[in-house]
Amino acid sequence: IRVESNTTGVCDFRINGADDKRRATRLSFSHNQFNTASVGDYVSRITFADNDIQGMLKLDAPDSAGLITVAGNRISASGEGSIRLSGKEITDVRIRDNDIRPGGGDGIVLQGVCDVIISGNNVSGCTSGIVLRDCERFDVCDNILSRNQNGIVLTWADSLGQVHNNIFRDNSRAGIRITRGAGKPPPTLLMKDNQHTGSAKEVEITESAE
């Protein structure tokens with residue numbers, strides 16, 4: 001299914017499959033103007049590309065979802081964040097070349113996602129530009145994160161990840177903030193070749209009660 005070039009008004013998309021054997025698959029949304037897109041369980045091979053989004057793109061998959069691409073979108077005026085993906089088994093995610101300038105909240109938020117690439121995004125004016133929670137095998141590279149409170153926020157549970165070749169500019173708290181849970185081992189994380197200009201701190205490590 002392809003949904004393209006709907007620009008006559010603000011609309012909402014809601015997508016989900018029935019179960020693991022009856023997935024919503026091979027869906028493409030491009031060059032549309034819409035307010036929100038809510039994606040649920042049992043979806044695969046879904047693409048959002050080159051849309052003008054005046055709200056949030058949200059995927060909440062308690063069971064499973066995979067092969068998700070979010071590319072080249074312009075996202076603004078969201079008070080609760082812009083791109084949010086959370087669930088139990090979300091795999092093979094690509095978030096690239098998006099321009100995110102929300103009215104508040106975080107920019108890109110991923111929880112429980114495995115095998116993800118976040119690259120080439122321009123994220124500004126957020127509480128935190130990119131937030132990862134309990135993610136594995138991630139590559140965050142070539143993004144521009146400016147005028148946020150935090151550029152990137154990682155938790156101690158994130159593992160097997162790379163944060164490299166990003167530009168951090170004028171973030172009021174930290175370019176990279178890592179939250180460490182009490183009694184938890186450190187993450188397996190590689191950070192290299194990032195550029196920091198004007199942020200209060202380049203890297204900050206904080207303790208949490210959990």
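Scoring GLN111 on the criteria (1) in a strand (DSSP E or B); (2) of a type in the set (S, T, N, Q); (3) farther than 21 Å from LYS58 by Cα leaves a single failure, condition (3). For GLY79, the requirement of being at pLDDT below 90 and in a loop (DSSP other than H, G, I, E, B) is met. GLY9 meets each of the listed conditions (1) among the small types (Gly, Ala, Ser); (2) assigned to a loop (DSSP other than H, G, I, E, B); (3) farther than 21 Å from ASN121 by Cα; (4) modelled with pLDDT of 85 or more apart from (4).
Does GLY161 satisfy the criteria of being of a type in the set (Gly, Ala, Ser) and over 18 Å from ASP97 (Cβ atoms)?
Yes, satisfied.
Residues that are open to solvent by 10 Å² or more (accessible area, probe 1.4 Å) and not aliphatic (A, V, I, L, M) within segment 70-88 comprise GLY72, ARG74, SER76, GLY79, GLU80, ARG84, SER86, GLY87, LYS88, listed in sequence order. Is it the case, given these coordinates, that ARG84 is among the basic types (Lys, Arg), under 22 Å from THR155 (Cβ atoms), in a strand (DSSP E or B) and touching a Cys at 6+ places or on another chain (Cβ under 8 Å)? When the stated conditions are applied, ARG84 does not pass them.
Within segment 89-106, does at least one residue satisfy the condition of being surrounded by 18 or more Cβ atoms within 10 Å (Cβ to Cβ), over 12 Å from the mean Cα position of the chain (by Cα) and over 23 Å from LEU154 (Cα atoms)? No, the conditions are met nowhere in segment 89-106. Of all residues in segment 48-69, at least one satisfies being closer than 25 Å to ILE117 by Cβ, at pLDDT 85 or above, open to solvent by 30 Å² or more (accessible area, probe 1.4 Å) and of a type in the set (A, V, I, L, M).
The rows are residues; the columns are (1) open to solvent by less than 20 Å² (accessible area, probe 1.4 Å); (2) in contact with an Asp or Glu (Cβ under 6 Å, 6 or more places away or on another chain).
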{"position": "LEU110", "(1), (2)": "yes, no"}
{"position": "ILE118", "(1), (2)": "yes, no"}
{"position": "SER128", "(1), (2)": "yes, yes"}
{"position": "ASP139", "(1), (2)": "no, no"}
{"position": "SER146", "(1), (2)": "yes, yes"}
{"position": "GLY151", "(1), (2)": "yes, no"}
{"position": "LEU160", "(1), (2)": "no, yes"}
{"position": "ASN171", "(1), (2)": "yes, no"}
{"position": "ARG177", "(1), (2)": "no, yes"}
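Scanning segment 88-108 for residues that are at negative phi and in a strand (DSSP E or B) turns up LYS88, GLU89, ILE90, THR91, VAL93, ARG94, ILE95, ARG96, ASP99, ILE100, ARG101, ILE108.
The single condition among (1) of a type in the set (Gly, Ala, Ser); (2) in a loop (DSSP other than H, G, I, E, B); (3) more than 17 Å from ILE130 (Cβ to Cβ) that SER44 does not satisfy is (2).
The values are calculated or read from the model by the stated rules, or taken from the named source; none is laboratory data. Just so it is clear, the model here is predicted, and its values are computed rather than measured. Counting neighbours? That spans all protein chains shown, and the Cβs are built from the backbone with ideal geometry, glycine included. Just the protein is used for accessible areas: all its heavy atoms, side chains included, with ligands, DNA and RNA removed. Shrake-Rupley method; radii C 1.70, N 1.55, O 1.52, S 1.80 Å.
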